1. Please get the size of the charge dipole for segment 116-189, origin at its Cα centre, with Cβ charges of +1 on Lys and Arg and -1 on Asp and Glu, quoted in debye to the nearest 20.
2. Among Gly354, Ala250, Leu81, whose Cα projects farthest towards the positive end of the dipole of the chain, with charges put on the beta-carbon of Lys, Arg (+1) and Asp, Glu (-1)?
3. Taking just the alpha-carbon atoms of segment 185-302, what radius of gyration and Dmax come out, in angstrom?
4. Per residue of the chain, what 222 nm ellipticity follows from adding -39500 (n - 2.57) for every DSSP H run with n ≥ 4, rounded to the nearest 500?
5. Within segment 136-162, which residues have the backbone N less than 13 Å from the label spot 7 Å out from Val243 along Cα→beta-carbon, could you tell me?
6. Which distance in Å, rounded to a whole number, links the C-alpha centroids of segment 4-37 and segment 164-208?
7. Considering Cα pairs under 8 angstrom that are at least six residues apart, work out the relative contact order of segment 50-137 and quote it in whole percent.
8. What translational diffusion coefficient, to the nearest whole µm²/s, does segment 1-108 have by Stokes-Einstein, given a Kirkwood radius computed over alpha-carbon pairs, a temperature of 25 °C and 0.890 mPa s viscosity?
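Taken together, the values in this text are just the output of simple stated rules run on the coordinates, not laboratory data. The model shown is predicted, which means the values in this text are computed figures rather than measured ones. Cβ: placed from backbone, ideal geometry, glycine included. Neighbour counts: every protein chain shown.
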Amino acid sequence: MVGGGPGAFIGPVHRIAAELDGRIELVAGAFSQSAERSRAAGESYRIEPGRAYADYRTMLEAEKKRPDAIDFVSIVTPNHLHLPVAEAALGAGFPVMSDKPATATYAEAITLERAVRKSGLPYGLTHTYAGYALVREARALCAAGKLGKIRKFVVEYLQGWLSRPLEATTAGRKQAEWRTDPALNGPGGCIGDIGVHAFHLLEYVTGHEVTSLHAALRSVVEGRLVDDDCTVLVNVDNGASGVLMASQVAAGEGNGLRLRVYGEAGSLDWQQEDPNRLRIKWLDGPEEIRHAAGHYLGHDARAVARLPIGHPEGYLEAFAVLYREFADGLTAWQQEQPNPMPKTLPGITAGVRGMRFIDRAIESSHSKGWIDF
């Protein structure tokens, strides 16, 4: 693991998720840009002291020489380090699993895509919400045409934690500071942190690609250097249109990711804060509520459920689904099987499209008009 040192949020999440199914074990890392803090993190993760490295380049060089070398690298750093760490890992011969977004900028994403293609190594991207069972069920319903032709969609991701200038305070400063610094986060603030999740969920579930958009990005909190509130009108490749909303200044909201998709015959509604229920409303029929792990669900949804119906599974389990699929793909790759990575696991293509979305949304907001994706 690169990143995930003291005070980190997403690093420990990656570690728990990766190890949940017993397929993966964290054995080495460069957890901080401070050698002392990296050692402290290594102790908290209970790895061998000699494998808590001072920096990621030292880690890669040392691990290449070990008979029990690491199998892949997990990147959980702020965005500005995603590209250099991924390039270094791929260049050293190690597959990569990265936190989203893929890079800090769209130009970097293109560079990373070339590096991934050139290396021929597996690359995965943790768009967490793709791991939920009922997101897989919604995706299958859309792919099978059960809703009829899709006409409309609304995807929203609302948080309130940045309603105050936390980056200028001591409380919560570590997480807020880098996310609101364009040099560390990239030029997209809210649009890059959570808007890209909403974008990925929209394309992942509907199976349709965005073709054009009209974005309005704002910095609501005085002095903030990146956007913290976003509204994007979106068209997709079948002619349908909809709205994508993302905000980190929606006071009182926690992690309010919600997707609604409307077709000719019916609609679906899934909410991340109530992830074990999928609501389906038919034009000429009663409303359904489908439950995670239900025996009536499709194969893709049943395949990722670990517990019987009525036993809630959430964020960590969804995250773990992606790591389990990466482990499956890595094993298949090691066995030289063709096309080893599962199609349900987001990869470099999703990473490039996500960065393109951020780039296009910023450009549209500056020009105050519609632009092609």
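1. I would put it at about 440 debye.
2. Farthest towards the positive pole: Gly354.
3. For segment 185-302, the Cα radius of gyration and maximum Cα-Cα distance read 16.4, 52 Å.
4. -10500 deg cm²/dmol
5. It comes to 153-157, nothing else.
6. 21
7. It rounds to 25 percent for segment 50-137.
8. 179
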